[in-house]
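The values are calculated or read from the model by the stated rules, or taken from the named source; none is laboratory data. Treat the numbers as computed from the prediction; the structure is a model and nothing was measured. A quick note on method: Cβ atoms are made from the backbone with ideal geometry, for glycine too, and the neighbour counts reach across all protein chains shown.
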Amino acid sequence: MLTDDLADFMEWLVRSEQLDEKSIRAYRRAVLGFAEWYEYEHGRPFATTDLDSKDLQRWRVDEDPVGIRGRDKKRPAPATRNKAIAGIRVFSRWAHETGRTPVDAARHMDFLVIQPQAPKSLSRNEEKELMRRLNQAVADSMQLKRISDEKLTQAIRNRAVIVMGLYAGLRVEETANLVWGQLLLRRGVAEVQNVQGKFDQIRSVPLPNIARQHLLAWKERALAVGWVREDLPLFVSQKGKALSVRSIQRLMTEWGGRLGWPDLTYHTLRHTYASRLVNDEKKPLPTVATLMGHLKKNGQPNIATTARYTIPSAEELQRAVDSLDYDDGSTDEPTIEE
């Protein structure tokens, strides 16, 4: 039965592949999704022994396969389909290695070729609007409440948290784990030191003056309530405890709602930081890779990861083709609605 095989498959993933729980759940969804497609196509339940290369290829090119859904149960995007393909490839390999099938039916099944997309980032105008609204929130708190009010503390803290993503390019986990001892603020100098990123790699990130200014404001506020000490969290909740990753994510959801940007995340800020350095400021990829913590295991800059920020955005592609326009002298105008 597929149920028994699926349980054995997931146990094998933990034992042999050493995958995390999220990846295992994704592989399980892929197998169940393929099984639903198979039953729809053949009119009978799927069993592991039914794995067949011709069926797999038909499923691979099906643009709207039964059993595989995208966000909000919509038609799956190519990236979603590729995740399902990855799961089936591993399942097929497991089935062959454990003797359930005579061959690895998915051995030659390739991923779909997808046009690369630029990482989601804020435009310059959106960046300025976000900072304007954050500054306005601080100003409103100062005018409407006493200087010691919690809302003022929260507004100054929230601005500093967002600044760490937007002008230091930190990941949300990196920001949540910072302590005061890592923040260097001196006259004309600002730096976040000893940031622990992926693979336990350590880096230090210099800060522009805009970040220094807002972090100084946060330090002044935190000093007033006794939250500044070398070993204390840089960002704390109203109860004086470290601000969690989930709390920062909720903060971004809140601000996304205020601005009408439903897709705003902390990683959007990080993408904006990198995109600005690569595309607007034309900084060398090794420099940006080092700032972002895109490092190989030997500590050298991983330029291949940073290079995705050179992919043109949808807006840049549109501007490129708009440059082809000119008045060709035509006098007729279409009357149908677009």
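Observations on the model:
- Val288 within 18 Å of the chain's Cα centre (by Cα) and assigned to a helix (DSSP H, G or I): yes
- Qualifying position, being under 28 Å from the mean Cα position of the chain (by Cα) and at pLDDT 95 or above, among Arg89, Arg58, Arg71, Arg93: Arg89
- Residues (more than 12 Å from the chain's Cα centre (by Cα) and among the polar types (S, T, N, Q)) located in segment 257-277: Ser275
- Flag for Ala79 being more than 20 Å from Asp4 (Cα to Cα) and surrounded by fewer than 17 Cβ atoms within 10 Å (Cβ to Cβ): yes
- Among the residues of this structure, Ser204 does not count as one that is among the polar types (S, T, N, Q) and modelled with pLDDT of 95 or more.
- Among (1) of a type outside the set (Val, Ile, Thr); (2) without any contact (Cβ under 8 Å) to a residue 60 or more places away in the chain; (3) touching a helix residue (DSSP H, G or I) at 6+ places or on another chain (Cβ under 9 Å); (4) part of a helix (DSSP H, G or I) - the single one Phe46 does not satisfy: (4)
- Screening Thr175, Thr153 for residues that are within 18 Å of the chain's Cα centre (by Cα), of a type in the set (S, T, N, Q), surrounded by 14 or more Cβ atoms within 10 Å (Cβ to Cβ) and assigned to a helix (DSSP H, G or I) leaves exactly one candidate, Thr175.
- Among the candidates Pro301, Pro284, the residue that is surrounded by 12 or more Cβ atoms within 10 Å (Cβ to Cβ), farther than 17 Å from Ala118 by Cβ and in contact with a Ser or Thr (Cβ under 9 Å, 6 or more places away or on another chain) is uniquely Pro301.
- Single residue of Leu251, Leu269 found to be assigned to a helix (DSSP H, G or I), over 22 Å from Gln117 (Cβ atoms) and at pLDDT 95 or above: Leu251
- With respect to the stated conditions, Ala222 is assigned to a helix (DSSP H, G or I), at pLDDT below 95 and either within 22 Å of the chain's Cα centre (by Cα) or not polar (S, T, N, Q) (or both).
- Residue satisfying condition, being loosely packed, with under 15 Cβ neighbours inside 10 Å and modelled with pLDDT under 90, within set Pro312, Pro262: Pro312
- Enumeration of residues in segment 192-229 that are touching a Gly at 6+ places or on another chain (Cβ under 6 Å) and basic (Lys, Arg): Arg203
- Gly197 falls short of the stated requirement of being exposed (fewer than 14 other Cβ atoms within 10 Å of the Cβ), of a type in the set (Gly, Ala, Ser) and over 14 Å from Arg159 (Cα atoms).
- Candidates Val225, Val245, Val236, filtered to the one that is farther than 16 Å from Tyr167 by Cα, touching a helix residue (DSSP H, G or I) at 6+ places or on another chain (Cβ under 6 Å) and aliphatic (A, V, I, L, M): Val245
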